[in-house]
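Written out below as structure tokens is the structure these notes cover.
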């Protein structure tokens, strides 16, 4: 990168022809940035996501600062099934009051730091539909009843799929 910056500066100062980064051979151990994936969709700061078996979508906050996505869950109760750790919980769509009960294997427990406090959360797998894509990924279970959005979409879903423009909303149908 240092070599590229020096060559670019020299070009600008001398008024020479523009140097294309693709034509520069990296120095040993130098890593050039990856090219942006041209197939990424631009999405807004809030998008609709479908969570089966719910028929009506949830409005989700898109959060590039969150590593893992999160979903509003109530009555979170860990239990054991056939020697494995599982969890039961309810999700209620605030818009429709439609409620579904889930029982899923626990993928792991994670620590979330919020306002200088560490919070332990269970992580499970969920299928969600965002845009035209169905994604099987990890979600932390959390009581989000005090938040405006019941679903938070983090980098585990965004990376390599979406570019976020926080000045727009609801770009996907």
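Working only within the range 136-155, note down all residues that are loosely packed, with under 15 Cβ neighbours inside 10 Å and in contact with a strand residue (DSSP E or B) (Cβ under 6 Å, 6 or more places away or on another chain). The answer is 136, and nothing else.
Of all the residues in the range 136-161, those that are in a strand (DSSP E or B) and either over 16 Å from the mean Cα position of the chain (by Cα) or outside the structural domain of residue 47 (by TED's automatic domain parsing) (or both) number 0. Is at least one residue of the range 124-133 out of contact with any helix residue (DSSP H, G or I) (no Cβ under 9 Å at 6 or more places or on another chain) and farther than 13 Å from residue 49 by Cα? Looking through the range 124-133, at least one residue is out of contact with any helix residue (DSSP H, G or I) (no Cβ under 9 Å at 6 or more places or on another chain) and farther than 13 Å from residue 49 by Cα.
Of all the residues in the range 84-135, those that are touching a residue at least 60 places away in the same chain (Cβ under 8 Å) and either surrounded by 12 or more Cβ atoms within 10 Å (Cβ to Cβ) or on the phi > 0 side of the Ramachandran plot (or both) number 5.
The values are calculated or read from the model by the stated rules, or taken from the named source; none is laboratory data. In this text, all values refer to a predicted model and were calculated from it rather than measured experimentally. With ideal geometry, Cβ positions are generated from the backbone for all residues, glycine too; neighbour counts draw on all protein chains shown.
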